[in-house]
Amino acid sequence: MEPLYKQVYQSIKRNIMNGKYAAGERVPSEKELSNSFQVSRITSKKAIELLVTEGLVFRQRGKGTFVSDMKDSQERSETLEKSKNNFLVGLVITDFDDSYVSKVISSIEEAAGERCFVILKRTLGSVEKEAEAIRQLIEYGVDGLILYPAQAEHYGTEILKMIIAEYPLVLIDRTFKGVGAAFVSTDNIKAAKQGMKHLFDLGHEHVGVLAPSIIETTTIVDRFSGILQAYEEQNKIVNRQLWCTDLKKSLPIAFSKNITPEHDIDIIKNHLKKHPEMTALFAIEHNIAVLAKRAADQLGLRVPEDLSILCFDAHDNNLSGWEFTHLRQNEREMGRLAMNRLVEMMNGNLEIKKEFLDAQLVEGNSTCSMNRIPVKQTSKSF
């Protein structure tokens, strides 16, 4: 049995070929087709896109979709080529309050150029807001979506509908296990292994790991996997008691709006007090590293002399000259690849591509070797 969108497509095509819809006449809208055939808007949109690709119809934004009047193959080709320009793209993100996401957005906009117009919606990390944003953008008529998924282990029904209907969709930064969707992401396993190896090379044996309390996203899971693989490759024993995964302030607003930075700072301080043998911390995210530095300062621990800190990402607008040793993601390439891949999909190439980017280890001021007196002997009394 053919997919639903092809059934809708075949029905409209028959009506065009038998003259029910004459040249220049408007065909039913995506909403009208959705109601008539009892299918989703994504399905009806996909059917229209297939007709556009064949040159049977053409779109006039704000007016509707009309039957083409094809005189010859050259005109058909020109109409098809015209339909590939000036796409309308929806960009759904969690938030844009840090430099990482801001750079991704900037690179997507730059890559869009004159080919696409971009509509931005943010979800604040809420799965419900994400679903609503997707529905709104599809109803508005976007030709494709770039999605930075909310922090949830399971994808929503709106995302599943897009995947089933082969709707042009590219995920950035994270993906969903077992789901056939195109995505562009940092190779987080490789990056985390690189970070842990750096700490091992500096002589650190007792390394604490700091992470948010919600760790179901593939980004966080892969970073944990990389850390564990680093221990295995170095033939070292993992002490998970040194891991702290109770932090909340780094989560999206939907999860952390009532949490203050001091809440997580106190948790980190208590973790450091409980495990004075720790000589280094690996912060899964940059914001967590900032909180860890404040916690260390309040305990009288010097960074990096008493406690080394390594993290993912760092702010570019640091005017103090002091920065964390960090794993720098290639956000600009991520955004560029995501937009280019989406354009390919909107032009008919629906191949599912999964692209991973390397991170770069940048040595800053927050790590040093173990050629010093242990933390528990140099730090102030807790």
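Assorted remarks:
- Residue check for Leu124: outside any helix (DSSP H, G or I), within 24 Å of Lys46 (Cα to Cα), touching a residue at least 40 places away in the same chain (Cβ under 8 Å) and under 17 Å from the mean Cα position of the chain (by Cα): no
- Thr157 being closer than 29 Å to Ser44 by Cα, buried (at least 19 other Cβ atoms within 10 Å of the Cβ) and at pLDDT below 85: no
- Counted as qualifying within segment 249-366 are the helices (runs of 4 or more DSSP H) with 2 or more residues that are modelled with pLDDT of 95 or more, namely 261-274, 286-298, 331-346.
- Residue list for segment 335-356, restricted to those being surrounded by fewer than 23 Cβ atoms within 10 Å (Cβ to Cβ) and touching a helix residue (DSSP H, G or I) at 6+ places or on another chain (Cβ under 7 Å): Arg336, Asn340, Gly348, Lys353, Glu355
- Where a residue in segment 274-286 is surrounded by fewer than 24 Cβ atoms within 10 Å (Cβ to Cβ) and of a type outside the set (S, T, N, Q) and its partner, wherever it lies, is part of a loop (DSSP other than H, G, I, E, B) and modelled with pLDDT under 95, with Cβ under 6 Å and at least six apart: Glu285/Ser250; His286/Asp313; His286/Ala314
- Arg61 surrounded by fewer than 20 Cβ atoms within 10 Å (Cβ to Cβ), closer than 22 Å to Tyr140 by Cα and either modelled with pLDDT of 90 or more or of a type in the set (Lys, Arg) (or both): yes
- Scope segment 357-372; condition open to solvent by 40 Å² or more (accessible area, probe 1.4 Å) and farther than 25 Å from Val179 by Cα; matching residues: Gln360, Leu361, Glu363, Asn365, Ser369, Met370, Asn371, Arg372
- Answer residue from segment 15-31, given it is touching a residue at least 12 places away in the same chain (Cβ under 8 Å) and charged (D, E, K, R) and is farthest from Tyr140 (Cα to Cα) among those: Glu25
- Listed by first and then second residue, the pairs with beta-carbon distance under 7 Å, at least 6 apart or on different chains, first residue in segment 173-190 and over 20 Å from Glu344 (Cα atoms) and in a strand (DSSP E or B), second open to solvent by 10 Å² or more (accessible area, probe 1.4 Å) and of a type in the set (Gly, Ala, Ser), are Thr186/Ala359.
- Scanning segment 96-143 for residues that are of a type outside the set (A, V, I, L, M) and at positive phi yields a count of 3.
The values are calculated or read from the model by the stated rules, or taken from the named source; none is laboratory data. These numbers were taken from a predicted model, which means no experiment stands behind them. Reconstructed Cβ throughout: ideal geometry from the backbone, glycine too, with neighbour counts over all protein chains shown. Quick note on the areas: whole protein, heavy atoms, side chains included, nothing else; ligands and nucleic acids left out. Shrake-Rupley method; radii C 1.70, N 1.55, O 1.52, S 1.80 Å.
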